[in-house]
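Below: one structure, written as structure tokens.
The values are calculated or read from the model by the stated rules, or taken from the named source; none is laboratory data. Just so we're clear, the structure is a prediction, and the values are computed from it rather than from any experiment. FYI the Cβ positions are ideal-geometry reconstructions off the backbone, even for glycines, and counts take in every protein chain you see. Surface accessibility is based on the protein's heavy atoms, side chains included, excluding ligands, DNA and RNA. Shrake-Rupley method; radii C 1.70, N 1.55, O 1.52, S 1.80 Å.
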Amino acid sequence: MRARYGIPLGIMAAGAAGLAYSVGFEARSFRLRRVTVPVLPPGMHPLRVLQVSDIHMVGGQRKKQCWLRSLAGLRPDFVINTGDNLSDPEGVPEVLDALGPLMEFPGAYVFGSNDYYGPKLRNPARYLMEKASGRHGLNGNAPAVGAIHNPWEDLRDGFDEAGWVNLTNTRGALKIDGVSIGLTGLDDPHIKRDRYAEVAGGPTASYDFSLGVVHAPYLRVLDAFAADDYPLILAGHTHGGQLCIPFYGALVTNCDLDTDRVKGLSTHTAEGRTSYLHVSAGCGTNRYTPVRFACPPEATLLTLVPRS
């Protein structure tokens with residue numbers, strides 16, 4: 001009897017323990033990633049950029065809200081929000097409250113699909129199926145039917161009122177201690193709202209430094225930014241894979257980016273030009289899959305330093 005049932009019961013117990021850990025601990029084990037990126041012109045003073053992404057706020061997530069508010073203590077030079085702030089149509093006030101201290105600093109933002117539409121319950125295995133078939137989001141899949149529309153306009157108005165720059169398929173700029181920073185952003189490629197033709201042409205020469213910002217790091221977007229010679233691209237969306245295998249890594253990225261670059265700092269090359277790429281693993285999850293394993297939630301403090 002023991003030999004027959006011992007192993008299956010052990011597997012079930014291990015699975016239950018892993019699920020309890022991924023929901024009860026790791027999904028709320030917020031971390032700060034620190035990265036140094038050599039992208040500034042020689043002689044320029046370092047800049048500290050805080051990237052927050054994929055908050056996926058659901059009502060009552062007090063620990064997440066407190067942690068986000070605490071990030072203001074880092075005193076970044078500016079903040080970049082790479083989208084998917086919501087996972088609850090009622091979550092806008094809590095997002096604005098949690099980001100309130102950070103909105104005291106200069107900043108800019110783009111939106112992700114979950115800012116526009118509420119989440120739907122779906123089989124997690126579909127992410128593997130989409131990876132195998134090369135279809136992600138609306139990039140090959142049929143349009144969503146019966147989607148919940150989030151009040152993204154209220155979120156936009158709150159960010160704009162704080163002075164954050166809206167980078168929805170447009171260009172913007174920040175002035176930090178006399179340094180001019182050019183910003184070029186796109187709407188979410190995951191739902192085919194990106195319009196690179198409207199911002200093409202590369203960095204404006206009058207800025208001291210320029211970077212590209214997008215929610216989902218689809219290859220067509222990374223190719224365009226790199227070919228236009230942007231030294232740095234910031235993105236989110238992937239959740240770092242969300243459910244990873246220890247010592248192996250992520251199984252999916254939820255876009256056509258390879259899993260080797262699912263989170264953290266890497267590079268991207270197109271037409272002979274190379275950009276640094278930073279993909280944030282984000283600090284939240286879809287409300288219907290509130291789990292993380294071997295991939296804790298995070299924000300990133302990027303210290304930009306001069307090129308050697």
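Key figures for this structure:
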{"quantity": "Peptides ranked, highest mean first, by Cβ atoms within 10 Å: ranges 99-110, 50-61", "calculated": "50-61, 99-110"}
{"quantity": "Equivalent ellipsoid semi-axes - Cα gyration tensor, segment 159-297, angstrom", "calculated": "27, 17, 14"}
{"quantity": "Additional length obtainable on full extension of the chain from Ala132 to Arg220, 0.36 nm per residue less Cα span", "calculated": "29.8 nm"}
{"quantity": "Shape metrics for the chain, restricted to C-alpha atoms - Rg then Dmax, Å", "calculated": "19.6, 77"}
{"quantity": "Loop-located trypsin sites (Lys or Arg not before Pro) in segment 218-308 whose Cβ has at most 15 other Cβ within 10 Å (DSSP)", "calculated": "Arg307"}
{"quantity": "Per DSSP, loop chymotrypsin sites (Phe, Trp or Tyr not before Pro) in segment 25-95 with at most 15 further Cβ within 10 Å", "calculated": "Phe25"}
{"quantity": "Helical contribution to [θ] at 222 nm, DSSP H n ≥ 4, -39,500 (n - 2.57), averaged over the chain, rounded to 500", "calculated": "-7000 deg cm²/dmol"}
{"quantity": "1.4 Å probe accessible area per residue over the chain, in Å²", "calculated": "45"}
{"quantity": "Carbon and sulfur %, accessible surface of segment 32-306 computed with the full protein complex present, 1.4 Å", "calculated": "53"}
